[in-house]
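> Shown below is the structure under consideration.
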Amino acid sequence: MRVFKRSIDLAATLFILLFSIGVSANSSSDEKEEGPVNTQEEVEGYILHHIKDSHDFHLFSYTNSEGERKHVGFPLPVIVWSSEGLVSFMSSKFHHDDSGEHIVEAGGTRFVKLHSKIYELESGAEEISFDEEHHPVNAHKVLDFSITKSVFGMLLIGILMLLWFGGLARQYKSKQIPTGFGRILEPLVIYVRDEIAKPNIGHKYRQFTGYLLTVFFFIWILNLLGLTPFGFNVTGQIAVTAALAIFTLVIYTFKGNKDYWEHMLWMPGVPVLIRPVLAVIELAGAFLIKPFSLLVRLFANISAGHIVVMSLIAILITMKSELTVFGSGLLSFVLSLFITLIELLVAFLQAYIFTMLSALFIGMAVAEHDHGHDHEEDDAEGVRADFI
Amino acid sequence: MTVPNLVGAGLIVIGAGIGLGKIGGSAMEGIARQPEATGKIQTAMIIIAALLEGLAFGALFLGK
């Protein structure tokens, strides 16, 4: 009980902290947009940069009275596997350089950051040089295990979820009705169990409810985090959604029962010559199309939502000359408020759809054989069983 | 983005739009006829819309 209260306090403090920073970052990002970002191309570049993951947590930038660019935020650790083994340093060593000019020496080798990717310079190279397509010729990519902004967001949400749901679970040991924040979580948990897990999986739903709940809340809270002014775009990273889709793939592949594999590899009830064709289609469906549709849907929806919201905010800049500051500001405010409200709905809907389709796929794999279709060998038995 | 890419993206969006329109329209009709089945119809509608959306996004993504 006390642990739960403390975790609520911690969560509340974190959120107040996040939102207070968010507000200050918001007000100063207006300043920033008046300054350096003011053409169509710069706006596009800014939006595309936001969609990508980054190695430091950048809140806002401003130009001080001496005309210097100041960046406010905090660095995150860079952990890479280079030719000299595992090397780690803070991303502040790059000094916000993203063009490959600033060279960092760490662990016996030298690194540069180019378009949010870490490159290791070949031995003997003094500075990075490019071929005509702007690919680096004397540097190669390294295996990057860095705590990037997205990883930071995932860790934050993971810890919060552990505290919230661990606390909720502990409450049920002492009493039947949860108190405090648990009262918000309980209906959502029951909703996922009764509306998503039970109808789609059937009576074996219990062992999969944990996964479905985790995935639902993880995606939903991260989608909501993406709507705060911190510029998180975690569920809009294709690697994150791919990992989530692979979890579902692993579950329905390993939990699939005999009937599932029989229907996939040697479909009963159809002519023998068609069976191999169906097997190819079913295998492609199970191992490529299902996970691909899961991962692309979430990635594309969230990325598109972020691009739309940022483009509408950018009306403030791009239409300033036509509509005056007041007109463009009003237009941008109204449109982005409207779209943000829709994005709140999309954040829930995408989490719901991902969980729902995961449950559906798992349900297909664990479904009991229902004798609903014709089998050559047990045809008569099936009919008899139906009558009895 | 080249011109063929943009035309292809437009075609995908037209196709997906027609599909979503049909799904949504039929669901509306179904709900109007049987308001007590709203929940079930909505669930089925969302699943089919999600499958269609996955197809459309997949095509857009491959054509990028």
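The values are calculated or read from the model by the stated rules, or taken from the named source; none is laboratory data. This structure is a prediction, so every number in the text was calculated from the model and none was measured. Heads up, the Cβs are rebuilt from the backbone with ideal geometry, glycines too, and the neighbour counts pull from every protein chain shown. Remember, those area values only see protein heavy atoms, side chains included, never the ligands or the DNA or RNA. Shrake-Rupley method; radii C 1.70, N 1.55, O 1.52, S 1.80 Å.
> Checking the conditions here, which among A:I307, A:I251, A:I246, A:I281 is in contact with a helix residue (DSSP H, G or I) (Cβ under 7 Å, 6 or more places away or on another chain), of a type outside the set (K, R), modelled with pLDDT of 90 or more and over 22 Å from B:I46 (Cβ atoms)?
Residue meeting the stated conditions: A:I246.
> Yes or no: segment A:134-157 includes at least one residue that is open to solvent by 40 Å² or more (accessible area, probe 1.4 Å), assigned to a helix (DSSP H, G or I) and among the hydroxyl-bearing types (S, T, Y).
no
> Any residue at all in segment A:342-355 that's open to solvent by 20 Å² or more (accessible area, probe 1.4 Å), away from chain B (no Cβ under 12 Å) and more than 22 Å from the chain's Cα centre (by Cα)?
Scanning segment A:342-355 turns up no residue that is open to solvent by 20 Å² or more (accessible area, probe 1.4 Å), away from chain B (no Cβ under 12 Å) and more than 22 Å from the chain's Cα centre (by Cα).
> Out of everything in segment B:1-42 that is open to solvent by 90 Å² or more (accessible area, probe 1.4 Å) and over 25 Å from B:G58 (Cα atoms), what residue ends up being modelled with the lowest pLDDT?
B:K40
> Let me ask something additional. Which residue pairs have Cβ atoms closer than 7 Å, lie 6 or more positions apart in sequence or on different chains, and pair a first residue in segment A:300-327 that is within 14 Å of chain B (Cβ to nearest Cβ) with a second residue that is of a type in the set (G, A, S) and open to solvent by less than 60 Å² (accessible area, probe 1.4 Å)?
A:I302/A:G226; A:I302/A:G236; A:S303/A:G236
> What do you reckon, is A:D194 within 23 Å of the chain's Cα centre (by Cα) and either in the same structural domain as A:F230 (by TED's automatic domain parsing) or open to solvent by 30 Å² or more (accessible area, probe 1.4 Å) (or both)?
no
> Has segment B:13-24 got at least one residue that is within 13 Å of chain A (Cβ to nearest Cβ) and in a helix (DSSP H, G or I)? Outline the logic, then answer.
Step one: of segment B:13-24, the residues within 13 Å of chain A (Cβ to nearest Cβ) are B:13, B:16.
Then drop every residue that is not in a helix (DSSP H, G or I), which leaves B:13, B:16.
Checked segment B:13-24: at least one residue is within 13 Å of chain A (Cβ to nearest Cβ) and in a helix (DSSP H, G or I).
> Against the conditions (1) free of Cβ contacts under 8 Å to residues at least 40 places away in the same chain; (2) surrounded by 13 or more Cβ atoms within 10 Å (Cβ to Cβ); (3) closer than 30 Å to A:H55 by Cα; (4) of a type outside the set (K, R), where does A:A243 fall short? Just the number, please.
It fails just one condition, (2).
> A:L323 - would you say it is modelled with pLDDT of 90 or more and either surrounded by fewer than 19 Cβ atoms within 10 Å (Cβ to Cβ) or over 20 Å from B:L60 (Cα atoms) (or both)?
No: the conditions fail for A:L323.
> For A:F111, indicate whether it is within 29 Å of A:V240 (Cβ to Cβ) and either surrounded by fewer than 18 Cβ atoms within 10 Å (Cβ to Cβ) or not acidic (D, E) (or both).
Answer is yes for this residue.
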